Amino acid sequence: MKEIRSAKGGDKLPDPETYARSYQLEALEKAKRENTIVYLETGSGKTLIAVMLLKSYAHLLRKPSPFISVFLVPTVVLVSQQANVVEMHSDLKVAKFWGEMGVDAWDAAAWRAHVDQFEVFVMTPQILLDCLRKTFLKLDCIKLLIFDECHHAKGRSPYACIMTEFFHRQMESNQSSSLPRIFGMTASPINSSGADYKKEITRLETLMNSKVYTVQSESILSHYIPFSKTRIVSYGDLVIPSDLHNCLEDNLRRLKLQYVSNLEKELEDSSYVASVERKISRLHDTFVYCLSDLGAWLATKAAELLSASNSDSCSFFWGEVKEFSENSTRKFSKMVYEAFSQYITEDVQLGADLKTSVQLGLIAPKMQCLVQCLEEYREVKDLRCIVFVERVITAIVLQSLLSSLHQMSGWEIAFLVGCNSNVLQSQRANENNKIVDAFRRGKVNIIVATQILEEGLDVPSCNLVVRFDPAGNVCSFIQSRGRARSPGSDYLLLIKKGDKSMENKVTEFLKSGEKMREESLKLSSKPCGNLDSELSKECFYLVEKTGAIVTSSSCISLIYYYCSKLPSDRYFKSSPRFVIDANFATLHLPKNSAVQVVSAEGKGRLALKRIVCLEACKKLHQAGALNDYLLPHSDSSIDDDDFDLHYDSEVCKEEQPDYFPGVLLDTWSSFAVRGIYCCYMISLDKHGSNRYGHTENIILALSSDLGSDFSHYSFNLEVKQGLTVSLQRIYNITLTAYQITMARRFQTSIFSLLMDRDFSKLEGVMSQLLAFEKQNSFSCPSSKEVCYLLLPCKEGRIDWETITASTIFLNKISNKTAEVHHLSSCEGCGLVQTKDAPFSTCMLKNSIVYTAHTGLFYSVDGFLESINAESSFELRKGESVTYKSYYKSKYGIDLTCASTPLLSGRHIVRPLNYLTRRTFREERGKSNKLVELPPELCSVILCPLSVHTLGSFMLMPTIMHRFQCMALASALKDMLWVRFMPNVDIPSTKILEAITAKKCHEEFSYESLETLGDSFLKYAACQHLFAKYKHHHEGILSCKKDKLVSNASLFHMGCFHNLAGYVRLEEFEPKKWAIPGLNSNTYAPTSTNNVYTWGTRPIKSKVIADLMEALIGTSLSSAGEAATFLFLEKLGTSIRFHGRGTAERPILRKPEMFVNIKELEKLLSYRFNDPSLLVEALTHGSYQMPDIPRSYQRLEFLGDAVLDHCITVHLYGKYYPAMTPGLLTDLRSASTNNDCYAHAAAKAGLNKHILHASSELHRQITTYLQRFGDCFSGSSYGWDAGIALPKVLGDVIESLAGAIYLDCGCDKNTVWRCIQPLLEPIVTPETMEYNPIRELGELCNQKSYICSYKTTVQNGMLYVIAEVQAGGTAITEKETGPNRKTAKKLAAKALLKSLKEAKPTST
C-alpha cells in the first residue's frame, strides 16, 4: 500500500486511490475519458477525485514540460486550502495566485517564469480569464482545467467567460485536440431558484462541454457519509410597541437628514459628499432593518458596534473605506446609538425571560426561537454548530447577543463573514482560517456565518446547522445542509408561522436533490449540445500579433481600467463619461486620453454601452494607448526603442577596470635605446617661502609627445604659501644608454628612499636594479611599465652632477671603494670622516645620510661650525650634557672625532598629497626642526643632492599623478570627441573635472557639470519624447523619460563605451603611486586607443551614471547645445532635437472665449501665434468640457524640463566656477521645486485664469491666498505656516513654459525671458534656506545622532513625530500639517530648534 505524509508532518495518510470509494473510482474513470462534472453531496470526496485525476496527468506536467494544470476556485480563501490538498496528496509543484499578490501588473515574462517552474496553478477564475485575454497563458498549454464549485458558471461570470470566449471558440475552429480536459465539481448543478431542472443541467453541460456524473441514489452515498435530519421550526411575528417603534424610526430619519445637511455645508467637493451620502443612506437602511427584523435592542447594539473606533466590526461591515468616510460613518453610528440609548438604556438587560423581551420589542421572536433551539443541544458533547444568516450586520449583532446571554454560557461563539475589499481580503481570509481552525479544535462551538461557509472552506462535520435566514436557492440550501455531516446531526430551518410560500419552497428544496440526480442520469447518454448563448455570439476585437482579445463582456471594465491608469491628482480622477440618447451613444474619455470621443449606434442602453466601449478599445489600441496585450502602457511595458545600443550584461558589472594612460608607458629596453626623447619643463613657482625654501625645476623626458593639451598646462598645489606648477614643451634631447642608466638609478633611489624611508628596502631595490643591468636587461623584451625620467635641472639644463648622486650608495652595496669627489664648483675643501669613509665637506653638506642607530634618513644642508662632540646642549628636563656623553648614555656609542663640526640635517618625511587642502598644514614635531648629526655616525646615501632638489622631488608624486589624470582625460577626449566629432574642441581640463569625483577632495569635482548635464539630458529627452509620441499622455511620457535618463540606463551606456575606467574615485595616496622604473603593476592593453588597465575596482552604478551626466555637461558648457545633441547620438541614444516640428493639435475656435488672452500675453510679455496653446496650458484635468480637447499635462511635462534647464543654465553661468561644486545642486533644488513655482503663480495672479471644475482645488487656493497671500517672500512659500500649497499652481507655471516653448519655435531663451520675471527674486547663495529635513540629517550625520520619523493619526489629524537620540537623550517633536510632507518638514524644523537650544553632547 502506498503512503504519503501530511503537509504538516503528522501521521501518514493513506493514498486516496488505495481506499477510493466505488463512486469515486467511477467518476475518475469517466473524467479520464471525457469532460466531466461530478455532482455529489458535500463531504463525499470530490476534491480527492480531482487529486487522483491530477496524478493521472502528472506525466504530462512534470518539468521541463511546457504544460500545466489549472485548478480554479471561486474565492480567495479556497486558493490556499485546495493548493494544500494537492501538495499533501501529490508530488506536483503547486503555485498559488490571487489578486492581492499583484498579478494584475505581471507581464508575459513573469507568467512564463511560473509556467517553467510549477506544474499546477491554483487560482481564482478572474486571474485565468485576464491571462487568457492578454495571451499570457493559452489553453494550449493547459492539459487539465478543474472548476471547483462549477455551478457558478453562468451569465457573464469568469467561469462562463473562460468557456465561451476561449474553450468553445477554439473548439469551433477545429482545434479541439489542443484543448484541456475539463473537470467540474459541485454539490448542486443548479444555482438559481424556481428553475427548470432539466433545462438548467443541460445549460451547464453545454456551457462546460461536460457530462454530469452522479450516483444512482442518495442511498449509495449514505454508506460512506452521514446525512442530517431536517427540521422546520416556526416562530411568531415581531410586534414592537408602536410608540417605541415610531420614536426610533423618526429619530433615524431626522438624524439622517441632519447629518447629510451638515455634510453638504462642511464639504465643498460634491464627489466626496455624494460618496458619503450613499454610505449614510446604506447605514440608515441597515438600522431600519435591524429595528424591524431583529428588535430594538439589537438595532441599538448594531449602532454601538459600528461607532466603536477600536472595533473591527466597521471594517467587516464596510470593507475598505477612506479614512474620512470611515470617520463619517462612525460619527453617524454614534449619533444613532446615543439617540437609541435614550429609549434602550444600559439597565435594560436581556434575562432568562426572553418572552418579556419579545413583548417589549427588544428582540424578535425569531431570536427567541433560535435561543430555544440552541438550548435543546445543551447536552450534546463537543457541539459544533453553524448559524447561517444573510447579512453581515446580522452576523455581527447575533454573535454579540448570543455571547451575552447566560443561556449560552460555556459555549464560545464567533462570527465569520466575507470581505469585498481587495486590500482586506487576504487579511480577513487569515482571520477566517483562524476561526475555522479554532472551531475544528473545539475552541469555538458556534459560528454565526454568512454564505461564505456554505461552500469551499474545509469546516469539520457539524452536529447542528441552523438556517436563521432562509436559503436563497437550491444550491444554497444543499450546501448549507451539507455542513451537518456528523452522525445524528440536525439541520434546522427557522420559518415564520403561516408563511406558506416559504414552506412550499422548503418542500421543493428537500426534493431537489433526487430531482437533479434523476434528470442528470436521464441526460447522461445524450451528447453535449452546441453552445447557443449570447456570450458565444458577442462581438470582440482581436490583436493579430499576440492573440489578445477584448469582448463585449470585458470592454467596459477595460475602459474603466484604462482611465484609472491615466494621470490624475487629488482634485480629479480620470473616468469615462457616457451620453446615451435613444439609439446613439457617445463615450467621452478624459482629456489626457489618446482618444477622447467615440460614438456608436445600437439598441438597448447596456448594449450601446458595450458597443461604444468595444469601439473605444479598438481605437485606443490603434493609437498606441493600449499595447498589443490590450493593457494600458506602464513602466514595464515600455519598449527600449529610444536606445540604439544593446547592452551586454557582461560589461555592466560592479568590478570595473582602472585605466592608465599609455603615453606614460613603455618597456625600459626600448626606452633606453630610443635615443631621442621629448622633454617638458616642470616649473615650480612658489608663492612664498616653504619648508625647503627655493625649489628647482625638473625636466620630464618621455618616449613620445603628450599632445597639445600639455604644451602649456598649469595648476596649483596646496602647500604652505602656495605653489604653481607649469608644464611646457621645450625641446627634444639625445641621451645615450649610459645616461639613461644613470638617470634611472637616480630616480629609482630617490623615490624609493622618499616613499619607503627604509634602508633595507632601498638596499634591496638598488641591488635588484644592478642585477637587471648585469643581465643586460635593456636588450631583452619586457612588458609595459611606467617609463619616463624625471631629471634635476640647473639653469635650464640637466644637472648630471646631481644625477650621479646614487653612485656612492651603489658602490657601497657593490663593495667598491668610494673615491673622494668634490663638487665642480668647489675651490678646495677639507675631508670629514663619515661612518664608511672620508668625504669632502662640499659633497657632504649637499647629501642624504642614514644613521644606523636611529634608522632614519636626513637631508644635510651644511655644517654647524661652532658645535662639535664636546659642545653642550640642554635636555628637556633642563639638564646640560655634551653630545659625546649623550650618545654614550643613550646609544652606547663613543664619539671619536671630538673636534669635527656636527652636520645640520632634517628628517626626511614621506611625500604627501598636495592636491587636497587636508595637507595644508604645518608638519608637526621634530620633522620641522634642525637635527645635529655627528658625521662619524652618518652613512652617505645620495650625494650631491641639494635640499632644493630634494624639495622638488618631494612634490613629484603629486605632480605626476595630476599629469597622469590629465593624460587620461586627453585620451578620453580623443575617444569621444576627436575621433567622431573632430570639429568640436573640448578642453582636457574640463574633461578632467568631469572624471573627478567629490571624494578626491580636490579644488574641483564633477558635481557642477553633473547637475548641468542632468538638466540638459532631462530637457533633451522630454522635448524628444514630446515630439515623437504625439498621442501618449504625460504618465507614459514620464515613464519613458525616467527610463531614458535613469541611472541604470546611464550606467549601461557608460559600461558599453568602457568609460568606467576613466573616473577618479578617491583622493591620491602617494604610497600607491607607480614609481617609474620600480613598478610591479601589470598593464594590459585595452580596445581603447592608448589606454591600459592596471587592475580593477568596485564602482557603484550611480558613479558611472554621474560620470555620463558630467560628460554631457562638459560638452554643453564647452561646445554648445547642437554639439551636445550630436554627442548624445554618438553615445547611443535616439534623442534628437526636433526644432520647430510641433505635434499636430486640435484647433480651438475662439480661444478668447475661455481665457483672457490679452491680459495673459501682457503678463508674460509674449504674444502667442497659437492662442490655443495658452488655453491648453491653463486647463486642469477636472475641466471635462468637450470644447477644450486637452488638459495641460503634456505641456507641463515639457515645460518642467525646459524651465529646469533654463534655471540651471542661469545659475551655472552666474556662479560657476567661483561656487563650490555642491552649491549649484542646492541652488537648483531650491529654485525648481513646485512650491517655488506655485508661489510665483499665486503672486502673479495666475490662479484667476486656471480652468478647473474642482471645489476642493478652489477651496485650497482660497485658503492659501487668504492665509499667506499678503506675504509673498521667503523660500518656504507657506509650508512653515502649515498651509497646503496647491500643486496645480506650480503645474501651470511649467505648462506655460511648455506652451511658449512650442509657440516660439523651441527657443529656450524666449521661455526664460518670459518666465524669469514671474520667478523673481530667484534664490541666491545668500538667501537660500536649507530644507529642515536635510539640515537635520546632515547635523545627525556630523554628530553621530540617530534620527527617525514616524507618522500617526490622532482624532482624525495626521501627525509626524521626529525623534533624535543624542548623547543618550531622546529629543522629540510632534507636528501636524495639511499633508505628511509638510508635517515632516515642520517636525524637523522644530527638532532643529530644540537641538540648538539643548546643545546635547555628541555620543
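The values are calculated or read from the model by the stated rules, or taken from the named source; none is laboratory data. Remember, predicted model here, so these are calculated numbers, not experimental data. In this analysis, Cβ positions are derived from the backbone assuming ideal geometry, glycine residues included, and neighbour counts consider all displayed protein chains. The area values use the complete protein model at the heavy-atom level, side chains included, leaving out ligands, DNA and RNA. Shrake-Rupley method; radii C 1.70, N 1.55, O 1.52, S 1.80 Å.
If S1182 satisfies every condition in (1) open to solvent by 50 Å² or more (accessible area, probe 1.4 Å); (2) modelled with pLDDT of 85 or more; (3) farther than 21 Å from D1307 by Cβ; (4) of a type in the set (S, T, Y) but one, which is the exception?
Condition not satisfied by S1182: (1).
From the list G488, G456, pick out the single residue that is open to solvent by 50 Å² or more (accessible area, probe 1.4 Å), on the phi > 0 side of the Ramachandran plot and either at pLDDT below 90 or not in a loop (DSSP other than H, G, I, E, B) (or both).
None of the other options fit; the residue is G488.
Only one of these is surrounded by fewer than 21 Cβ atoms within 10 Å (Cβ to Cβ) and among the aliphatic types (A, V, I, L, M): A1238, A1201, A1218, A1242. Name it.
Answer to the selection: A1218.
Search the stretch 1248-1259 for residues being in a helix (DSSP H, G or I), within 34 Å of the chain's Cα centre (by Cα) and modelled with pLDDT of 85 or more, and hand back the single one that is surrounded by the most Cβ atoms within 10 Å (Cβ to Cβ).
The residue in question is L1257.
Assess whether N1156 counts as being within 23 Å of D1187 (Cβ to Cβ) and open to solvent by less than 80 Å² (accessible area, probe 1.4 Å).
Against the criterion (within 23 Å of D1187 (Cβ to Cβ) and open to solvent by less than 80 Å² (accessible area, probe 1.4 Å)), N1156 qualifies.
Would you please name the residue that is most open to solvent (accessible area, probe 1.4 Å), looking only at residues in the stretch 175-229 that are without any contact (Cβ under 8 Å) to a residue 40 or more places away in the chain, more than 19 Å from C475 (Cβ to Cβ) and small (G, A, S)?
Result: S177.
Can we say A414 is closer than 25 Å to L350 by Cβ, open to solvent by less than 10 Å² (accessible area, probe 1.4 Å) and at pLDDT 85 or above? Please lay out each step first, then the result.
Numbers: closer than 25 Å to L350 by Cβ: yes; open to solvent by less than 10 Å² (accessible area, probe 1.4 Å): no; at pLDDT 85 or above: yes.
Criteria not met by A414.
How about the stretch 542-568: which of its residues are open to solvent by 40 Å² or more (accessible area, probe 1.4 Å) and touching a His at 6+ places or on another chain (Cβ under 9 Å)? Give the derivation first.
Start the filter on the stretch 542-568 by keeping residues that are open to solvent by 40 Å² or more (accessible area, probe 1.4 Å), which leaves 542, 544-545, 557, 560-561, 564-565, 568.
The one that is open to solvent by 40 Å² or more (accessible area, probe 1.4 Å) and touching a His at 6+ places or on another chain (Cβ under 9 Å): K565.
Can you name every residue in the stretch 502-531 that is among the polar types (S, T, N, Q), part of a helix (DSSP H, G or I) and open to solvent by 80 Å² or more (accessible area, probe 1.4 Å)?
Scanning the stretch 502-531 gives a single hit, N504.
Test S1117 against the stated conditions and say whether it is among the hydroxyl-bearing types (S, T, Y), at pLDDT below 90 and either assigned to a helix (DSSP H, G or I) or over 30 Å from G1199 (Cβ atoms) (or both).
no
Would the stretch 1096-1112 turn up any residue that is at positive phi and in a loop (DSSP other than H, G, I, E, B)?
Checked against the condition, which is being at positive phi and in a loop (DSSP other than H, G, I, E, B), the stretch 1096-1112 yields no hits at all.
Has the stretch 596-617 got at least one residue that is within 29 Å of the chain's Cα centre (by Cα), open to solvent by less than 40 Å² (accessible area, probe 1.4 Å) and of a type outside the set (S, T, N, Q)?
Among the residues of the stretch 596-617, not one is within 29 Å of the chain's Cα centre (by Cα), open to solvent by less than 40 Å² (accessible area, probe 1.4 Å) and of a type outside the set (S, T, N, Q), which makes the answer no.
Which residue is farthest from S44 (Cα to Cα), if the candidates are limited to the stretch 136-147 and must be open to solvent by 10 Å² or more (accessible area, probe 1.4 Å) and touching a strand residue (DSSP E or B) at 6+ places or on another chain (Cβ under 8 Å)? Give the derivation first.
Residues of the stretch 136-147 that are open to solvent by 10 Å² or more (accessible area, probe 1.4 Å), as a first pass: 136, 138, 140-141, 143.
Applying the additional criterion that residues be touching a strand residue (DSSP E or B) at 6+ places or on another chain (Cβ under 8 Å) yields 141, 143.
On the way: C141: 31, K143: 25 Å.
So the residue we want is C141.
Listed residues F1004, F1068; which is within 30 Å of D1226 (Cβ to Cβ), open to solvent by 30 Å² or more (accessible area, probe 1.4 Å) and not in a helix (DSSP H, G or I)?
Just a single option satisfies the conditions, and that option is F1004.
Quick one: V940 ticks every box in (1) at pLDDT below 90; (2) over 30 Å from K1040 (Cα atoms); (3) open to solvent by less than 10 Å² (accessible area, probe 1.4 Å) bar one, so which box is it?
Answer for V940: the failing condition is (1).
Let's see how each residue does on (1) crowded, with 18+ Cβ neighbours inside 10 Å; (2) of a type in the set (S, T, N, Q); (3) in contact with a helix residue (DSSP H, G or I) (Cβ under 8 Å, 6 or more places away or on another chain):
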| site | (1), (2), (3) |
| --- | --- |
| D1014 | yes, no, yes |
| A1021 | yes, no, yes |
| A1027 | yes, no, no |
| H1032 | yes, no, yes |
| I1036 | yes, no, no |
| N1047 | no, yes, yes |
| L1050 | yes, no, yes |
| G1054 | yes, no, yes |
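Per-residue answers, yes or no, for (1) surrounded by 19 or more Cβ atoms within 10 Å (Cβ to Cβ); (2) touching a residue at least 24 places away in the same chain (Cβ under 8 Å):
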site	(1), (2)
Q117	no, yes
I127	yes, yes
C131	yes, no
H152	yes, yes
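Can you pull out every residue in the stretch 374-404 that is open to solvent by 10 Å² or more (accessible area, probe 1.4 Å) and within 17 Å of L298 (Cα to Cα)?
Here is the first cut: in the stretch 374-404, the residues open to solvent by 10 Å² or more (accessible area, probe 1.4 Å) are 375-382, 384, 390-392, 399-400, 403-404.
Passing the criteria: E390, R391, V392, Q399, S400, S403, S404.
Of T741, T724, which residue is part of a helix (DSSP H, G or I) and open to solvent by less than 70 Å² (accessible area, probe 1.4 Å)? First the steps, then the outcome.
Numbers: T724 fails: part of a helix (DSSP H, G or I).
Testing whether each residue is part of a helix (DSSP H, G or I) and open to solvent by less than 70 Å² (accessible area, probe 1.4 Å) leaves just T741.
Each row is one residue, and each column tells you yes or no for (1) out of contact with any helix residue (DSSP H, G or I) (no Cβ under 8 Å at 6 or more places or on another chain); (2) modelled with pLDDT of 85 or more; (3) in a loop (DSSP other than H, G, I, E, B).
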position	(1), (2), (3)
T394	no, yes, no
Q407	no, no, no
Q425	no, no, no
F439	yes, yes, no
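Only one residue in A869, A971, A967 is part of a loop (DSSP other than H, G, I, E, B) and of a type outside the set (D, E, K, R). Which one? Please lay out each step first, then the result.
On the way: A971 fails: part of a loop (DSSP other than H, G, I, E, B); A967 fails: part of a loop (DSSP other than H, G, I, E, B).
Result: A869 is the single residue among A869, A971, A967 that is part of a loop (DSSP other than H, G, I, E, B) and of a type outside the set (D, E, K, R).
Within the set of pairs 6 or more residues apart or between chains, which connect a residue that is over 22 Å from F963 (Cα atoms) and without any contact (Cβ under 8 Å) to a residue 12 or more places away in the chain inside the stretch 715-744 to a residue that is open to solvent by 20 Å² or more (accessible area, probe 1.4 Å) and hydroxyl-bearing (S, T, Y) with Cβ atoms less than 8 Å apart?
Listed by first residue and then by second, the contacts come to nothing, as the list is empty.
Could you look through the stretch 779-810, keep only residues that are open to solvent by 40 Å² or more (accessible area, probe 1.4 Å) and part of a helix (DSSP H, G or I), and pick out the one that is modelled with the highest pLDDT?
W800
What about R1190, is it crowded, with 20+ Cβ neighbours inside 10 Å, assigned to a loop (DSSP other than H, G, I, E, B) and touching a residue at least 24 places away in the same chain (Cβ under 8 Å)?
Yes; evaluated as a whole, the condition is true for this residue.
Return only the number of the condition from (1) in a helix (DSSP H, G or I); (2) buried (at least 21 other Cβ atoms within 10 Å of the Cβ) that E763 does not satisfy.
(2)
Looking at this structure, is L1126 among the aliphatic types (A, V, I, L, M) and touching a helix residue (DSSP H, G or I) at 6+ places or on another chain (Cβ under 8 Å)?
Judged against the criteria, L1126 is not a match.
Taking only the stretch 154-167 into account, find how many residues are assigned to a loop (DSSP other than H, G, I, E, B), touching a residue at least 40 places away in the same chain (Cβ under 8 Å) and farther than 15 Å from V550 by Cα. Lay out the reasoning, then the answer.
First, the residues of the stretch 154-167 that are assigned to a loop (DSSP other than H, G, I, E, B): 154-157.
Applying the additional criterion that residues be touching a residue at least 40 places away in the same chain (Cβ under 8 Å) yields 154, 156.
If we keep only those that are farther than 15 Å from V550 by Cα too, we end up with 154.
Residues in the stretch 154-167 being assigned to a loop (DSSP other than H, G, I, E, B), touching a residue at least 40 places away in the same chain (Cβ under 8 Å) and farther than 15 Å from V550 by Cα: 1 in total.
If you take the residues in the stretch 148-170 that are in contact with a strand residue (DSSP E or B) (Cβ under 7 Å, 6 or more places away or on another chain) and of a type in the set (D, E, K, R), which one is nearest to L53 (Cα to Cα)?
Ranking the candidates gives D148 first.
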